[in-house]
Amino acid sequence: MGKHFDIAICGGGMAGLSIAYLALQHGVWADKSILIVDKEEKLSNDKTWCFWDNGTSVFDDIVHRKWSDMLFFTNSGEKIKLDNGSFEYKMIRSVDFYRLTLDYLKQQSNVHFLYSEIESYSQTNDKVEIVTKSDTITAEYAFNSLLKKPALKSSDTYLRQHFKGKFIESDELKLNPNQIHLMDFRPSQEHGCTFVYLLPTSETSALVEYTLFSEKLLDKDEYDMKLDDYIHNVLGIENYKTIDEEFGVIPMTDYKFSRAEGRIINIGTAGGDTRGSTGYTFYNTQQTITKILDNYKASGIPTPIDEHIGKKDRLYDSTMLKVLAKGDYKGHQLFSDMFSKVPAHIIFNFLNSQSSLLQDFRVIRSLTPHHFIAPFVKSLLGN
């Protein structure tokens, strides 16, 4: 190809397709030549994005399911009905997202696609050079969502949210399709902070996702064993049919990702849009993209970016990660203390980086303080 573009997008996943789609939907890049580069076209339902939200977005039309009734289960089996206020928990299937964004982008004459693996990208003089297996391209700006594990400092904490999910059907389920198990800590905690999401899609079908916050991954077979154990022994289901499966690993870290490196702007997890204490990415990425596009409207350039996840939030995340990594304050107890003592809508504001200092104080006060003193000091000095 060997061409020059105004905008190059490295990575055609959620973050890359979101920024291209939203920019053109709002007329921001109407006069820009845009290239989206990925090793392959996204066509399958390879993941599910879930997030809590109390507003609307341009992606509401493809929300597969949403729930306003939420339960929390402690490790001892106590059931807590959450006061989530106006927040809803929303699910978007990746196949619906890809279909919406790609169908639209392919109709735009100024959008081009290159399916080739990216070998390197760098800033050269006043341009960005992107080298793929088949071409070398230049661009005025590049937006990168391709993640490489960072070189951590000794003060950095790096855990992983890893999960295996099954979409199941069974006449034995008899679920309330309007009610989810947001966090169910009844499974064994032998591998660290472990819980299950249960997201019904009907009375007899649901996504059941076995999730851990830990440093090490499990053997592949063990995720299936733990899911089966939950379905059989906690839900009491003897027979079920698996319709689909998903597996994922999301970094949970207080490493400070670089947002902008000259004309290369990092977005999604690569830009620090994954919330360190939860692993949630979709909502935060959309907030960052909105700020980038607002800059374009105002000044014609993407930077500087007013970060959605601010310094205060990163300090909280770093402290919580260090507490979870140390393990003295068990993850199931930490989250149980939080959700049993604080209304969920305040916690959601807190985790969405939208809380007031008074709300922050309510969340912090719900936790056992002595576990946080040393990690807080380390986080404060490390940041």
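The values are calculated or read from the model by the stated rules, or taken from the named source; none is laboratory data. Bear in mind that the values here come from a model prediction, so they are computed numbers and not experimental data. Glycine also receives a Cβ, built like all others from the backbone with ideal geometry; neighbour counts cover every protein chain displayed. What goes into the accessible areas is simple: the full protein's heavy atoms, side chains included, and nothing from ligands, DNA or RNA. Shrake-Rupley method; radii C 1.70, N 1.55, O 1.52, S 1.80 Å.
Structure above, values below:
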| quantity | calculated |
| --- | --- |
| Matching option when the condition is farther than 26 Å from Phe257 by Cα and either at pLDDT 95 or above or open to solvent by 20 Å² or more (accessible area, probe 1.4 Å) (or both), among Ser116, Ser109, Ser120 | Ser109 |
| Filter result for the condition that a residue is hydrophobic (A, V, I, L, M, F, W, C), within 24 Å of the chain's Cα centre (by Cα) and surrounded by 18 or more Cβ atoms within 10 Å (Cβ to Cβ), over Phe372, Phe348 | Phe348 |
| Qualifying residues in the stretch 55-90 (those that are closer than 26 Å to Asn45 by Cβ and assigned to a loop (DSSP other than H, G, I, E, B)) - the one most open to solvent (accessible area, probe 1.4 Å) | Thr56 |
| Count of residues meeting criterion [assigned to a loop (DSSP other than H, G, I, E, B) and either open to solvent by less than 60 Å² (accessible area, probe 1.4 Å) or in contact with a His (Cβ under 7 Å, 6 or more places away or on another chain) (or both)] in the stretch 42-54 | 3 |
| Residues of the stretch 313-330 classified as assigned to a helix (DSSP H, G or I) and over 19 Å from the mean Cα position of the chain (by Cα), total | 5 |
| Residue among Leu198, Leu217 that is free of Cβ contacts under 8 Å to residues at least 60 places away in the same chain, part of a loop (DSSP other than H, G, I, E, B) and not hydroxyl-bearing (Ser, Thr, Tyr) | Leu217 |
| Residues within the stretch 264-307 that are modelled with pLDDT of 95 or more, touching a Phe, Trp or Tyr at 6+ places or on another chain (Cβ under 7 Å) and farther than 22 Å from Gln161 by Cβ, tallied | 2 |
| Cβ pairs under 7 Å, 6+ apart, first in the stretch 16-32 and open to solvent by 50 Å² or more (accessible area, probe 1.4 Å), second modelled with pLDDT of 95 or more | His26/Leu293; Ala30/Leu24; Lys32/Asp6; Lys32/Ile7; Lys32/Asn110 |
| Inter-residue pairs, beta-carbon under 6 Å, first more than 24 Å from Asp273 (Cβ to Cβ) and in the stretch 335-360, second acidic (Asp, Glu) and not in a helix (DSSP H, G or I), 6+ apart | Pro343/Asp83 |
